[in-house]
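Undergrad: Sharing a structure here in structure tokens format.
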Amino acid sequence: MQTFVINQLNAEKITIHESGIYSVEITKEGAHAEIVGMFETKGNEVIDVEILITHKVPHTTANTTLKGVARDKSKIRFLGRIIIEKGCGDTNSFLEERILLLSDQAKAEAVPELEILADDVKCSHAATISSIPKEHLFYLQSRGLSKIKAEELIVEGFLTPYATA
């Protein structure tokens with residue numbers, strides 16, 4: 001398990017590049033964690049990410065985004081849990097897990113969990129597993145792109161991290 005302790009007021013960015021078990025502990029009031037993981041698998045590759053975000057003090061924030069693209073017979077599994085400990089009010093935490101399947105044989109699992117032991121918090125999660133809608137590919141192909149190029153552009157847009165202000 002790889003553990004990150006956020007104990008500073010400025011925002012801390014954590015980037016996940018490989019399978020593993022990760023723990024993020026936010027231990028300083030006013031601290032913010034930005035956690036991002038972007039993955040592409042092909043062949044028989046397997047990505048398995050478990051992440052635990054624990055708010056140990058009040059007045060903290062975290063934003064976690066895990067995205068994956070599975071091709072061929074590959075597999076992606078995301079298991080994320082946010083824990084807001086007792087007495088840690090005025091906390092805001094969000095967990096997002098999104099997986100795009102590019103093959104009928106690719107497999108995916110997205111499991112977001114919340115454990116909230118305090119009042120006065122904003123805590124939520126989102127999880128999706130989908131393929132590219134045929135209408136999206138058709139639209140790009142009707143504009144002169146090949147199916148392969150259209151798929152590449154959609155995947156690139158899907159994996160591009162959101163701009164942060």
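Undergrad: Looking at Glu18, Glu45, Glu29, Glu50, which is the one that is more than 17 Å from Ile99 (Cβ to Cβ) and of a type in the set (D, E, K, R)?
TA: Matching residue, one of Glu18, Glu45, Glu29, Glu50: Glu29.
Undergrad: Sticking with this structure for a sec: Sort out which residues of the range 9-35 are of a type in the set (A, V, I, L, M, F, W, C), under 24 Å from Gly87 (Cβ atoms) and crowded, with 18+ Cβ neighbours inside 10 Å, and write them in order of number.
TA: Val24, Ile26, Ala31, Ala33, Ile35
Undergrad: Using beta carbons and a limit of 6 Å, which pairs, at least six apart or on different chains, have the first residue in the range 144-156 and closer than 14 Å to Val69 by Cβ and the second one at pLDDT 95 or above and not in a helix (DSSP H, G or I)?
TA: Val155/Val69
Undergrad: Now a separate question. Here is a list: Glu50, Glu12, Glu34, Glu29. Which entry is acidic (Asp, Glu) and within 18 Å of Ala127 (Cβ to Cβ)?
TA: Glu50 is the lone residue from the list that is acidic (Asp, Glu) and within 18 Å of Ala127 (Cβ to Cβ).
Undergrad: Which of the strands (runs of 3 or more DSSP E) found entirely inside the range 80-165 contain at least 3 residues meeting this: among the β-branched types (Val, Ile, Thr) and within 21 Å of the chain's Cα centre (by Cα)?
TA: Counting at least 3 such residues, we get 121-131.
Undergrad: Name the single residue, out of those in the range 68-114 being small (Gly, Ala, Ser) and surrounded by fewer than 24 Cβ atoms within 10 Å (Cβ to Cβ), that is farthest from Thr54 (Cα to Cα).
TA: If we take residues in the range 68-114 being small (Gly, Ala, Ser) and surrounded by fewer than 24 Cβ atoms within 10 Å (Cβ to Cβ), then Ser103 is farthest from Thr54 (Cα to Cα).
Undergrad: Those residues that are surrounded by fewer than 18 Cβ atoms within 10 Å (Cβ to Cβ) and of a type in the set (S, T, N, Q), I need them from the range 36-64; list them, please.
TA: Asn44
Residues are listed down the side, and each one gets a yes or a no for (1) in contact with a Cys (Cβ under 8 Å, 6 or more places away or on another chain); (2) among the acidic types (Asp, Glu); (3) closer than 18 Å to Met1 by Cβ:
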| position | (1), (2), (3) |
| --- | --- |
| Ile16 | no, no, yes |
| Ile21 | no, no, yes |
| Gly37 | no, no, yes |
| Glu50 | no, yes, yes |
| Thr54 | no, no, yes |
| Thr60 | yes, no, no |
| Asn63 | no, no, no |
| Leu66 | no, no, yes |
| Leu79 | no, no, yes |
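Undergrad: Any residue in the range 125-138 that is over 14 Å from Ala108 (Cα atoms) sitting within a Cβ distance under 6 Å of a residue that is assigned to a strand (DSSP E or B) and among the charged types (D, E, K, R)? List the pairs, counting only those 6 or more apart or interchain.
TA: Ala126/Glu96
The values are calculated or read from the model by the stated rules, or taken from the named source; none is laboratory data. Keep in mind that this is a model prediction, so the values were computed, not measured. No Cβ is skipped: glycine too gets one built from the backbone with ideal geometry, and neighbour counts run over all protein chains shown.
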